[in-house]
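To start, the structure itself, in structure tokens.
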Amino acid sequence: MKDGEKYVSKGQKYFDPEIECMSHEAIVDLQNERLLKQVANVWENVPYYREKMKAKNLTPDDIKSRDDLYKLPFLTKDDLRKAYPYGLMGRPLSDCVRIQSTSGTTGQRVVAFYTQHDLDIWERMCARAIVAAGGSREDVVQVSYGYGLFTGGPGLNGGSHKVGSLTIPTSSGNTDRQIMFIKDLSASILCCTPSYAAFIGERMKEMGMKPDDIPLKAGIFGAEAWSEDMRRDIEATMGIKAYDIYGLTELCGPGVSFECSDQKGMHINEDYFIAEIIDPKTGEVLPEGSQGELVFTTLDKEAFPLLRYRTRDICSLTREKCPCGRTHVRMTKLKGRSDDMLIIRGVNVFPSQIETVLLNKGYPANYQIIVGRVNNTDTLDVHVEMTPEMFTDNLGEISKRQSQLVEGLRSMLGLTAKVTLVAPKTIARSEGKAVRVIDNRKI
Ligand code: DLL
């Protein structure tokens, strides 16, 4: 068979139909089989985790199926830091062919290792996501996530190749050139962070372009939290359907889960991961539908196998039947990260709640949240950009608008914030993940 024959034809709904639409019982059987192998592998090859199991008086014999998963110790970002760089590897370095890494801006750099097999399954997951967004060999996929150590570019690039799409590896930045390529090379699917998609859309508007002027039909946006309102804004500006995609470097990168056309949550690739939701305070496993911290066990990863890795991401899971035919469990859009959650005057605040208020009132997703402390009391300042249409130097009008936002935030958060409206284009744009929160209390 020629390589091209394996590629995805137009109209094909799934990349891996037999896996993506497998019965739940068959998925559980596959997970049990892979879990037992993975636990034995980690016990054998990862002394760091073996010691953690021993500390709980566990051996691989105690894990007979996924029902015993709760017995295993968690892994956290702190373990990654302690074991950095090679302490969690399941294969010798000579078997590895790639590393990827996070930027480490929060001081906790993650370095993940991949064998060729690991790259292959990661790209498969990204291929599933592209096909779920309507992609096929007929499509032109522009990958405007960063390339390099960040997983966004390489992951979607590999997935696009597997689908057989023509791949444009623009990486992020040089926004006018992004738009030129979309137009000139008829890109039909755009992959980037939602904040960069919003920025590209804004630039298109400035250039006088309408949604019909570009050939894009879909966007695959992830790597940061974004609200439904932001989705609608991007869809309207670009004339596309926008799909969410989730992942983290520790597990591979993008593609751990992805939206299908029904957009009722992101399907988690259950042949490669077992997902659990736990209470972030007690570690107790919560029943389906409960909101809590997402925990993953990798089932088929060789170089960097992680058992019960705590992501700090907050969401819930559902197994309700999805009209798309995929059977894999779905996670809701992230509520935020447990470490993104701000506690302001004792109230839990997620940046996504603030974004929802702003977008509902017609503001763009260009805002910054600044938290401080004055006389032992937390302060919450929200700087919000006006759109060019609403921009005015009428102070009465600005003050009226600010009061409306203060009221909107009070009813969403139960807190009084100070809102400052700023001129269009004064808040720095992001080509990757947007920096929305500045917490001066830690400094
Ligand atoms: O952001 C991988 C990725 C690249 C995902 C491109 C999707 C698209 P990290 O840099 O390690 O990896 O950051 C992982 O980003 O734990 C979440 O908190 C957040 N995140 C990722 N995807 C989403 C999403 C990549 N769709 C961390 N919605 C994760 C909300 C997301 N947050």
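The values are calculated or read from the model by the stated rules, or taken from the named source; none is laboratory data. Everything numeric in this text was worked out from a predicted model, so none of it was measured. Ideal geometry is used to build each Cβ from the backbone, glycine not excepted, and the neighbour counts take in all protein chains shown. Remember, those area values only see protein heavy atoms, side chains included, never the ligands or the DNA or RNA. Shrake-Rupley method; radii C 1.70, N 1.55, O 1.52, S 1.80 Å.
When both bridge partners sit in the chain, DSSP labels roughly 60% of those beta bridges antiparallel. Taking only alpha carbon atoms, the chain gives an Rg to Rh ratio of 0.98, where Rh is the Kirkwood radius. Note on the chain: helix-only mean residue ellipticity at 222 nm, from DSSP H runs of 4+ residues weighted -39500 (n - 2.57) and normalised by residue number, equals -9500 deg cm²/dmol.
Expressed per residue, the C-alpha convex hull volume of the range 308-415 stands at 163 Å³. What the phi angles of the range 122-132 give under the Karplus curve with 6.51, -1.76 and 1.60, with θ = phi - 60°, is a coupling list of 4, 5, 4, 5, 5, 5, 4, 5, 5, 5, 5 Hz, glycine and proline written as x.
The apolar share of the surface of the range 83-157, taken as the fraction of accessible area on carbon and sulfur atoms (1.4 Å probe, ligands and nucleic acids excluded), comes to 51 percent.
In order along the range 385-400, the phi-based Karplus estimate (6.51 cos²θ - 1.76 cosθ + 1.60, θ = phi - 60°) of 3J(HN,Hα) comes to 7, 7, 7, x, 5, 8, 5, 8, 9, 6, 4, x, 5, 4, 5, 5 Hz; Gly and Pro are listed as x.
Computed over all pairs of different Cα atoms, the Kirkwood value for the hydrodynamic radius of the range 260-360 is 14.9 Å. For the chain, build the charge dipole from Cβ charges (+1 Lys, Arg; -1 Asp, Glu) around the Cα centre, then report which of 245, 69, 408 sits farthest towards its positive end. The one lying farthest along the dipole's positive direction is 408. Solvent-accessible area per residue in the range 167-270 equals 32 Å², computed with a 1.4 angstrom probe and all protein chains kept.
Decide, for the range 129-217, between rounded, prolate and oblate: order the square roots of the alpha carbon gyration tensor eigenvalues as a ≥ b ≥ c, take rounded if a/c falls under 1.5, and otherwise choose prolate if a/b is larger than b/c, else oblate. Judged from the Cα gyration tensor, the range 129-217 comes out oblate (a/c at least 1.5, b/c at or above a/b). Computed from backbone phi, the HN-Hα couplings of the range 403-418 come to 4, 4, 5, 4, 5, x, 5, 5, 6, 6, 9, x, 9, 9, 10, 9 Hz, rounded to whole numbers (Karplus: 6.51 cos²θ - 1.76 cosθ + 1.60, θ = phi - 60°; Gly and Pro given as x). Taking amide H positions as modeled 1.01 Å from N, with prolines and chain starts lacking one, the residues under 5 Å from residue 168 and 5 or more places away or on another chain are 141, 142, 143. Modelled spin labels at residue 120 and residue 438, positioned 7 Å past Cα toward Cβ, are 4.9 nm from each other. Per residue, the solvent-accessible area of the range 6-102 (1.4 Å probe, heavy atoms of protein chains only, all protein chains present) comes to 56 Å². Judged by the mean number of other Cβ atoms found within 10 Å, the most tightly packed of the peptides 23-29, 392-398, 188-194, 172-178 leads the ranking 188-194, 172-178, 23-29, 392-398.
For the range 322-443, the per residue solvent-accessible surface stands at 50 Å², with DNA, RNA and ligands left out and a 1.4 Å probe. The value for the range 362-443 of Rg(Cα) / (2.2 N^0.38 Å) is 1.15. Annotation: amide H-H contacts under 5 Å for residue 248 (H modelled 1.01 Å from N, sequence separation of 5 or more, or interchain): 253, 256.
Which value, in nm² and rounded to one decimal, describes the direction-averaged projected area of the C-alpha convex hull of the range 1-112? Value for the range 1-112: 11.1 nm².
Multiply the residue separation of residue 203 and residue 376 by 0.36 nm, subtract the distance between their alpha-carbon atoms, and state the gained length in nm to one decimal.
On the way: separation 173, 0.36 × 173 = 62.28 nm, distance 4.21 nm.
Working it through step by step, the gained length comes to 58.1 nm.
The value of relative contact order for the chain, using C-alpha pairs under 8 Å at least six residues apart, is 14 percent. Loop-located GluC sites (Glu not before Pro) in the range 210-292 (DSSP state not H, G, I, E or B) with no more than 14 neighbouring Cβ atoms inside 10 Å: 284, 288. Inter-part distance, the range 120-138 to the range 366-443, computed on C-alpha centroids, equals 38 Å.
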